[in-house]
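Following: one structure in structure tokens, then a few remarks.
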Amino acid sequence: MPTTQSSESVEKLKADATRALRAADSAEQLEAWRVEYLGRKGRLTSVLRALGSLEIKERKAVGAAANRLRTELESLFDERLLQAKSNTAPAGSIDITLPGRKSGSGGLHPSTQMIREITQAFNEMGFQTIEGPEIELERYNFDLLNIPADHPARDQWDTIWVDSDSRSDVLLRTHTSPMQARVMENTDPPIRVVVPGKCYRYESTDATHEWHFNQVEGLAVDEGITFADLKGTLYEFARRIFGPSRKVRFRCDYFPFVEPGVEMSVDWNGEWIEILGAGMVHPKVLKNVGYDSDKYTGFAFGMGPERISMLQNDISDIRHFFRNDLRFLTQF
Ligand code: DAH
């Protein structure tokens, strides 16, 4: 039965060819294999040539099987050839007398390092670190913080709103301050927390602006907290981060959720550089979360760890933090 024999020979050919291919592991052996099986006078080519002598039905079946096998063998061959090439180092390229090299190890991202430094300074002063949602509701990001829809201060924040069929009050938080309201809503005083996390703003980027960045928020609420507590805490923070002799300056500033509001700057080679905003929690904010604003007072602050790291490490462009360029990251 010649026909059965032909299809059997495709099977056998496949078994022989794959076994031989596995055994060949140098470029020379692979070339010999290629000539034997896929070459112009090779075994597979002979099977294909012999198709003409078969009956039409058999011809189709055997032809299809043989062509399939050819494709399969060709790709197996390419794979083995690549392997063989990568296994064979060019002669003389390995000096086995060289000492071993230390393997590189990963490290914390510079933003993470700065966030940890900042939160640790506050942790040591009794503040607890917590985190909150990056996708936030308008209520927390704005309303409860005394920034109603028609408040001009909303223009300060170029907001990225989330497209949703079901609601129109979802956004990427523009600051970490919404966590002030979330914490107060869920906890009774005394409160001392720091909240690190990502924030997002719809803005074009330049050396000092990114559309996403980190902030560290702080909040302390209790009976009898005064502006002196705010200053004392932030002085101590500046001493821990910038060293004991660093000069610090407070000036009036405006933020809708504090009253009075301030900005704190540090002396940097004779120049005042603003590093954070702060203030006494606005009575309206305390009332918004259901606190008795006659009984409780508090202070809040917010800062950008990337900006502080830029100062400390003499980094000229905030965009470096998020480019994932190892030439930058490995310097930390
Ligand atoms: N949320 C403000 C911003 O993103 C920063 C800030 C200012 C936070 C004053 C505060 C604060 O808690 O008291 O610009």
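The values are calculated or read from the model by the stated rules, or taken from the named source; none is laboratory data. All figures in this text were calculated on a predicted structure; none of them were measured in a lab. Counting neighbours? That spans all protein chains shown, and the Cβs are built from the backbone with ideal geometry, glycine included. Note: areas computed on protein heavy atoms with side chains; ligands, DNA, RNA excluded. Shrake-Rupley method; radii C 1.70, N 1.55, O 1.52, S 1.80 Å.
Some points to look at:
- Residue that is least open to solvent (accessible area, probe 1.4 Å) [pool: residues in the stretch 303-326 that are part of a helix (DSSP H, G or I) and more than 19 Å from Lys198 (Cβ to Cβ)]: Leu311
- Residue pairs whose Cβ atoms lie under 7 Å apart, sitting 6 or more positions apart in sequence or on different chains, and linking a residue in the stretch 274-301 that is farther than 12 Å from Glu259 by Cβ and assigned to a loop (DSSP other than H, G, I, E, B) to a partner that is within 16 Å of the ligand (Cβ to nearest atom) and not charged (D, E, K, R), are Val289/Leu144; Val289/Ala181; Val289/Met184; Tyr291/Met184.
- Scan of the stretch 173-198 for residues that are without any contact (Cβ under 8 Å) to a residue 40 or more places away in the chain and either within 14 Å of the ligand (Cβ to nearest atom) or not assigned by TED's automatic domain parsing to the domain that holds Val281 (or both), ordered by number: Thr174
- Being part of a helix (DSSP H, G or I), touching a Lys or Arg at 6+ places or on another chain (Cβ under 9 Å), over 22 Å from Ala20 (Cα atoms) and in the same structural domain as Ala15 (by TED's automatic domain parsing) is a property that Leu51 has.
- For the stretch 233-258, the set of residues classified as within 13 Å of the ligand (Cβ to nearest atom) and within 22 Å of Asn123 (Cα to Cα) consists of Thr233, Leu234, listed by residue number.
- Considering only residues in the stretch 133-185 that are among the basic types (Lys, Arg) and assigned to a helix (DSSP H, G or I), the one that is nearest to His212 (Cα to Cα) turns out to be Arg154.
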